[in-house]
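Just below is one structure, and these are the notes that go with it.
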């Protein structure tokens, strides 16, 4: 019989003893910011896949590769072993489709971090502001007041105009549910319009995350992608302005 | 593994033997009337927090304070100890997002009251009438006919034009589910438009509740807030009337 | 802890040995036809309440009487004991709010019938046709082919233009789920527009049901109500025709 | 008490030892393509019904035949025994109404295939393209790379423009969930507009499926139905063109 949530680790991983690990969550969300950052890091650092999560709370579908090979919707775990510390990445196709599933899955993810011996979790996301952002700030949230100084020193904006605001889904729930397991957790959110997949917000988040975990990550290709998008947007804005001028001229 | 509903009491509370306690429920609802009354009482009486309730039936999100500290959506218990009787307050961020969750949570709340030794529950809410109300009445409901005389004597309106009407959510379900545990329960609903957070309706409810539980609560600041809102609304209505007159003049 | 579905019988009923009982279901539905018939029969025959069903699958609310006394949304069981046979009525406020709840509740209702020793169930409803019906037929459905002759002989229309059509909710599910318990079941559906509470359809159903269970039920007051509504509708149709004529005259 | 999912086999089937069986799933879906193919094969091959599946995750209703006989919404199993191999067909009224139900039912179907000793499953469906298709291709998906050569040799298109695309419901989930039980699975999807029940897409799927399972199926009547629909559509398209010409003439 199928389980509500199934976590499977690759055999080699089960025998691995991790070195001061952190877990970085980058599941789909606003502007796909967290997903961009985590998948970019996996790619650049050459992290290896070590496990998978499937669940009846994910959308009821399979995903196909370019040759028609099908697999369940899933979340995935990747491991990067630097000399000094290990990083577990949590990425994937989808989040839960139900409210209850969100809680159960986020608690499962925190259990994965605890079982791996992690003392800290980073959850990544976008902070939708509804308009284009030139120099996206990185807003932060955490599950312990003691983390403030360290986070602010890394360049994260903690003072909020929206006290009482909420973080929906895994990036938020993992902050609170990991506290119940004695783990530290920090959420980094890049400011983004929320309308497009946003590499600029992702580049801002990456710069700060890299500093916080003290693991260098070459940002060149993400910055390149962000620059390209920036130019494309500038070009679009210019052409809109020209249209406006033409229209005023005609008017 | 996460529980469907989790109730945690502060250690000191567990050892407390309460003196003739009542439970007052003021969760979010129509016009936020119940929430306003209960939170105002907690503030003015200086009630102390004694416990928390979290649940997978609450919205799947965390709530941030002004420095980015995150916590689960939750309901909270506060205790006020007068010389003569103790009051437990149930307040919080949200109610359930599902129908089944509403039943399970309301039953849990009644269990909290029963475990604390309470013989009576007050649930508070707004009664939406769809238009501005000058002198909001307090409508009542109860779970035992014997309670009528006492409630009416306190100024509650029990005669209803809407027999067969319903009270949705915790304020309603707790009336009926507490009866199954042998508890008395009274619901007090301040008439409100339903469009705005309504301190006028809250002030009406507070006056009657204070009388019923025989615990004096200084209403000054709530009345002040209600007066301010009353003036603001009068000003708005006047300016709308002026506009109407101008329009008739033009027309 | 609250049960998903709770059935409670009055003590006297538990000791009652029923005489060849049938169960008649008349829960809310299209045109409230089933509800009208069952509640009318309970009233005219003087059936006595013998039990209640509550469930977390009902809407999460309480219902108030004219003095503010609150009770859970519920379904109710009534018993009528004629000289020759006993009738259990199942009526109530609401049906389930979820698909799964519909199945679980309908199965519970069939269990009630089986426990009472009933060999047959009648489920009542409306058959929505989307337009006013002058002489509503009673359409039928059953869970065994052997029942056809008896039902047709009583005046029920079984030949259907809509093979493959469906009956949604308790009136339908009880037909099929009672078959699994070895019970006979017949559904009687009065043709109705579906737009209004329809005593005309109810009167048609009552006439045939009374014949089938061989228990006379004085239809006078239901027929009176149907006649009144018939006249009201005729008056409305006439006035609409007049308007049309006036409009043609103008046009 | 009703089960969440109930599978019942006819007694004779339980004693049957199957000969190299495959399971073919043809439940309702896009263009009803899978349903058309599977039900056509059952009809032409004279497969016999051997079992039924009911579930609280199906819509809460009963389905009537032309005489008013009611039955639960269900899925059905049919068996065809050729000289060389046996085929189990899975067809039915509906798929699940909830996401979780989709997973639980699809896993149940894979369990049925495994229990029957099948080594391979074929799931059938339509591939909606949003416009009329003249010569519908059959797109494929599978749960093991080793199956590619065999499938392509049979005429299935595997190269996809929509890598990352999804197959929703049983036809998709059974691919992935059967892999967990060590079964091979292939999904065949006929290109279809998605707007109409599409015998043309079904005929394309049938031709390839018949080849893959090495069981000849006379396609005459399905092809006839496809030709009729093709002519009807051509006629419709012509008449639309004429209208366009008239309109251009007028314009």
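Bear in mind these aren't lab numbers, they're just calculated from the coordinates by the rules spelled out. Computed from a predicted structure; not experimentally measured. Neighbour counts are summed over all protein chains in view; Cβ atoms, including those assigned to glycine, are modelled from backbone coordinates with ideal geometry.
Stick to Cα atoms and the Kirkwood definition of Rh, then tell me Rg/Rh for the range A:141-182.
Result: Rg/Rh = 0.97.
If you take every DSSP beta bridge whose two residues both sit in the range B:60-217, what share of them, in percent to the nearest 5, is antiparallel?
On the way: 15 of 25 bridges.
Restricted to the range B:60-217, the bridges split so that about 60 percent are antiparallel.
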With Cα atoms, 0 to 90° folded angle of helix B:33-45 axis to chain B main axis: 60
Among residues of chain A, the one whose beta-carbon sits nearest the axis that rotates A onto D, given with its distance in integer Å, is A:98, 6
Shortest first, in nm, what separates the label point of residue D:243 from those of the same position in the other copies (7 Å along Cα→Cβ)? 3.2, 3.2, 4.6
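Given an 8 Å cut-off on Cα distances and at least 6 residues of separation, report the relative contact order of the range B:107-230 as a percent.
Values: 190 pairs, mean separation 44.4, N = 124.
Worked out over the range B:107-230, it gives 36 percent.
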Of A:170, A:153, A:226, which is the most mobile in a GNM of chain A whose springs link Cα atoms less than 10 angstrom apart? A:153
Between the modelled labels at residue D:166 and residue C:227 (7 Å from Cα along Cα→Cβ) the distance in nm is 6.1
Treating the point 7 Å from Cα along Cα-beta-carbon as the label, what are the nm separations from residue D:161 to the other copies, to one decimal? 4.4, 4.4, 6.3
With Cα coordinates, the longest principal axis of chain D makes an angle with the long axis of helix D:170-179, in degrees rounded to 10, of 40
Highest GNM mean-square fluctuation, chain D, Cα pairs closer than 10 Å: which of D:27, D:64, D:212? D:64
With Cα springs under 10 Å, the Gaussian network model of chain D assigns the largest mean-square fluctuation among D:54, D:220, D:67 to D:67
Both in Å, the radius of gyration and Dmax of the C-alpha trace of the protein assembly as shown are 33.3, 95
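Would you kindly calculate the translational diffusion coefficient of the range B:73-170, applying Stokes-Einstein with the Kirkwood radius from alpha carbon pairs, for 37 °C and a viscosity of 0.692 mPa s, and quote it in µm² s⁻¹ without decimals? Display every interim value, and only then the final one.
Details: Rh = 16.0 Å.
Answer, rounded: 205 µm²/s.
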Considering all alpha-carbon pairs of the range D:47-90, what whole percent are spaced by more than 15 angstrom? 56
Taking residue D:43 in one copy and the same position in all the others, each labelled 7 Å out along Cα→Cβ, what are the pairwise distances from the first, in nm, shortest first? 5.1, 5.1, 7.2
At what distance in angstrom do the alpha carbon centres of the range B:198-232 and the range C:174-240 lie from each other? 52
I need two numbers for the range D:1-121: Rg to one decimal and Dmax as a whole number, Cα atoms only, in Å. 14.3, 42
Please state the equivalent ellipsoid semi-axes for chain B: what are the square roots of 5 times the Cα gyration tensor eigenvalues, largest first, in whole Å? 33, 22, 18
For the protein assembly as shown, give the share of DSSP beta bridges that are antiparallel, in percent and rounded to the nearest 5; count only bridges with both residues there. 60
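Counting alpha carbon pairs within less than 8 Å and at least 6 residues apart, what relative contact order, in whole percent, applies to chain B?
Numbers: 475 pairs, mean separation 55.7, N = 251.
Relative contact order, chain B: 22 percent.
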Averaged over every viewing direction, what's the projected area of the C-alpha convex hull for the range A:138-251? Give it in nm², one decimal, please. 10.0
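As a test of the formula, what do you get for chain D when each DSSP H run with n ≥ 4 contributes -39,500 (n - 2.57) and the sum is divided by the residue count, at 222 nm and rounded to the nearest 500 deg cm²/dmol?
-12500 deg cm²/dmol
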Computed over chain C: longest principal axis from alpha-carbon atoms vs helix C:99-115 long axis, angle to nearest 10 degrees, is 60
If you average the alpha carbon positions of the range D:66-134 and of the range B:76-107, how far apart do those two centres end up, in angstrom? 48
Volume per residue of the C-alpha convex hull in the range A:109-166, rounded to whole Å³: 127
Considering only C-alpha atoms, what is the centroid distance from the range D:29-53 to the range B:1-29, in Å? 57
Residue order, fewest to most beta carbons within 10 Å, for C:142, A:200: C:142, A:200
Using label points projected 7 Å from each Cα along Cα→Cβ, tell me how many nm separate residue D:82 and residue A:3, to one decimal. 4.0
